[in-house]
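Below: the structure, in C-alpha cells.
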C-alpha cells in the first residue's frame, strides 16, 4: 500500500466519510446510552431541589443559528424542566444575530407541549435588547426599564406575572444558553456583582473555559455542548415520565439522538488522526532504515 | 411534500454545501445573500426591540419623564456624522462615551469578576488530607506555571524556563481538551443541518414521490 | 478642543460605572444606571454603523463594476428585503417581527427560519468537514508538546461519547478529570493573565494614554 498516496488523498474523499458518518446514524438510530457528569447534575439539582413551584427563572437566549443545533436542545430541556416543575420562566435574548428568533421559536415550541400553561401568567418572552452588559446591569434595578414591552408589544405592566418581578432580586436563577462571551458576562458581571446564581449552557467550543468559573463557584451548573444537552435530557426524562414520553416521540430531534451521530463521526475523526500519525511515524522510520 | 419554506431552506443548505466540491456561483450567491440578510436582521431587531420601545415610545408617550433620552438618541445619531466629512469630528464625542463606558464596565468586570474570584479559588490547602491534596497541588502548579509562561519580562531560562515548560504542558493538555470539544461542537452543527435535510426535506420528498 | 473633549468624555463615561461600584450613594447610583439606559440605545445605533459601511462599499462596487459586483446586488437585495420587513414590523405591518397571535409566521420570522438559519447554520457546519481534513493532514505528534496535545484530545474525544464508557468506565472519568483539573488550571491562568491585561488596557483608555480608538495618536 502506498502510504504517501494515502496522505495526499483528495480531501473530498474525507468529506464523504464524514458525510456518510453523519447521515447513516440519522437514518439508522443506534440508541446509545448517555451517562451524566457532575457539572450537568449540579445544574439539574439546582432547579430540581432548590427551586419551588412558582419561583421565577430567567432564561437568556444568547445564541443564534451558528450554534443552534447545540443550544436549542439545552434550551428545550431547561424550559421543559421548568414547566414540568411549575416554575415561571421569563425569556430574554441578548445575542443580536438570531437570539430573538431562537427565543421565539424554542419557547413557542415547548410551550405548545404544555397547553395548561398560559402566556403572561406562567411564562413570558420579553424579547431582545441591545447593550449586552448595559442591559445586564440595568436589569438589577428594573426589568421594566430595560424591557418596557414584551416581544409582542404588550406593555410590561399589562403582563400579569411581571407585576411581582421588578429586578434580579425577584428571580431565583438565570440560565443562559450562550455562544461566545455573553455567557461569561453572566458569570463575571451579574453573578459577581449582583449575586444571581447562573447556569451556563455554552457551545462545546467555549465550554472548556467555563470550568474555571464553575470551580470558583461563579456558576452553579454547566451544560457543555451537545453532550451536556443530552445529559440534561437524560436527567429530566428519568425524573419526569411525561417528559420521557415526549422525548420518545418519533421524528423529534433530541440531543440524545444527536449523540449517536456524534459518536460515529468522533470515531471517524479519531481513526483519521491515528492513521495520519501512523503514516507519519512509518515515513519517519523509512529514511532511517534506508541509511 | 415539503412546503415552500422547507424547499427554500434545503436549496440554501445545498448551495452552501456545494462549496465542499469547489467554489461556485451558487455558493457565492448564497453567501452574499446571507451577508445581506444578517444586516437586514440587525435593522429589524434594533428598530423593533430597542429603538421603538426604549427611545421612540417613551419620548412620544411621556416626554416630561423621559426627556433625557433625547441625549441618548442624539449620541447615537452623532455616531453617523463620521460619514459627513465636514462634521466627522462630532462622531468622536459619541464614540468616546460609548468606548469609555464599556471599558469602565469591563475593567470592573475583569478585576472583580475574574481576577479576584479566580485567584481566591486558587489559594487551596496544600497540607495533606488525602487524594484531594494531590489535585490541589496539580491545580496550583498549573495556574502558577501558566502565569509564569505568560510572563515575558523575564527570560525563560533556568528555574523560570523550567516552570514555564511545565506551564506549556498544562496549556497543551488544555488545548488538546479544547480541540476535542471543538471537534464535538463543529460536528454538532453538521448534525443539525443533516437532520434537517434528511428528516424534514428528503424523507417527506421521497414519501411524497413514492 | 476637538481632541480634549472626547478624552474628557471617555474619562467621565469610564469612571462613572467604576465610581458607582465603590460608592453606594443614591445619586451616584442614579447617574450610573441612567448611563446604562443611554448605552442600551447608543449600542443599537452602533450596531447599525456596519450596515451603512457595507451599503457604501457595495454600492461603490456596483458603480465601478468591480470584480464580483453582481454578488453585491444579491447582498443589497438580501439587506433590503430583510431590513424592510424588519422596519415595517416596527410599525406593526404584517404583524410585527415575531409570530402572530394565531401562531403563523410574520415575513421577517419566515425569512429567518427558511433563509437566514439554514444559510448561517450550514456555513458553520462546513467547519466539521474542514476540521476532519485538517486533522488527517496536519495533526501530528511531532514533539513532546504535540504528543501531549494529541493524547489529551483523543482521550476527551473518546471519553465524551457513549462508546468511550462502553470500552472502559475510566474514559469518561479521566475526561472529566482532565477538564476539571489540568484544563481548568490552564484556563484559569489564561483568564487571570488576560483579565489583568484587559484591565490595564481599560485604564489606559480611560486615562487617555491609549487614543487609537478615536483615530488620534499618542503625540497628537
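Readers should treat all values here as calculations from the given coordinates under stated rules, not as data from a laboratory. Here the structure is a predicted model, which means the values were calculated and not measured. Glycine also receives a Cβ, built like all others from the backbone with ideal geometry; neighbour counts cover every protein chain displayed.
Details
- Residue A:194-residue A:29 pseudo-label distance in nm [points 7 Å out on the Cα-to-Cβ vector]: 4.0 nm
- Shape of chain B, Cα gyration tensor, a/c cut at 1.5: oblate
- CD proxy at 222 nm, helix term only [per DSSP H run n ≥ 4: -39500 (n - 2.57); per residue of chain B; nearest 500]: -22500 deg cm²/dmol
- Amide N of the stretch B:135-175 lying under 18 Å from the label point, which is placed 7 angstrom from the Cα of residue A:181 along Cα→Cβ: none
- The residue A:271 and residue B:154 beta-carbon pair, evaluated with R₀ = 60 Å, returns a calculated FRET efficiency of approximately 0.85.
- Extension gain for the segment residue B:131 to residue B:87, taken as residue separation times 0.36 nm less the Cα-Cα distance, is 9.1 nm to one decimal.
- Distance from the stretch A:197-220 to the stretch C:89-154 (C-alpha centre basis), Å: 21 Å
- Taking other C-beta atoms within 10 Å as the exposure proxy, A:122, A:10 rank A:10, A:122 from fewest upward.
- Only helices enter the 222 nm calculation for chain A: every DSSP H run of n ≥ 4 contributes -39,500 (n - 2.57), and dividing by all residues gives -16000 deg cm²/dmol, rounded to 500.
- Residues residue C:170 and residue B:140, FRET efficiency given R0 of 22 Å [Cβ-Cβ distance, rounded to 0.05]: 0.30
- Helix axis angle, A:99-112 relative to chain A longest principal axis, alpha carbon, degrees: 80 degrees
- The long axis of helix A:255-290 is offset from the longest Cα principal axis of chain A by roughly 30 degrees.
- Whole-Å distance, taken between Cα centres, linking the stretch C:34-67 and the stretch B:110-177: 43 Å
- At full extension, residue A:113 and residue A:5 could sit 33.4 nm farther apart than now, given 0.36 nm per residue minus the alpha carbon distance.
- When shorter helices are ignored and each DSSP H run of at least 4 residues is given -39500 (n - 2.57), the per-residue value for chain C at 222 nm works out to -25000 deg cm²/dmol.
- For C:15, C:113, the sequence from fewest to most other C-beta atoms within 10 Å is C:15, C:113.
- Degrees between helix A:225-239 axis and first principal axis of chain A (Cα, 0 to 90, nearest 10): 60 degrees
- Going by neighbour counts of Cβ atoms within 10 Å, the residues C:119, B:51, C:49 line up, fewest first, as C:49, B:51, C:119.
- Two-site label geometry, residue A:52 and residue A:12: point separation in nm, points 7 Å out along Cα→Cβ: 6.5 nm
- Alpha carbon centroid spacing (whole Å) that separates the stretch A:225-290 from the stretch B:22-96: 42 Å
- Cα gyration tensor category, rounded, prolate or oblate, for the stretch C:1-114 with a/c compared to 1.5: oblate
- For residues of C:81-88, the mean tally of beta carbons on other chains within 10 Å: 6
- For residue C:177 and residue B:77, a Förster radius of 60 Å and the Cβ-Cβ distance give a FRET efficiency of 0.65, rounded to the nearest 0.05.
- Debye intensity ratio in log₁₀ form over the Cα atoms of the stretch A:38-252, taken at each q of 0.09, 0.18 Å⁻¹: -0.30, -1.36
- Overall form of the protein assembly as shown per C-alpha gyration tensor (a/c, 1.5; a/b vs b/c): rounded
- The stretch C:2-42: radius of gyration over Cα atoms, expressed as a fraction of 2.2 N^0.38 Å: 1.24
- Using a simple spin-label model with pseudo-atoms 7 Å out from Cα toward Cβ, residue B:116 and residue B:14 lie 5.8 nm apart.
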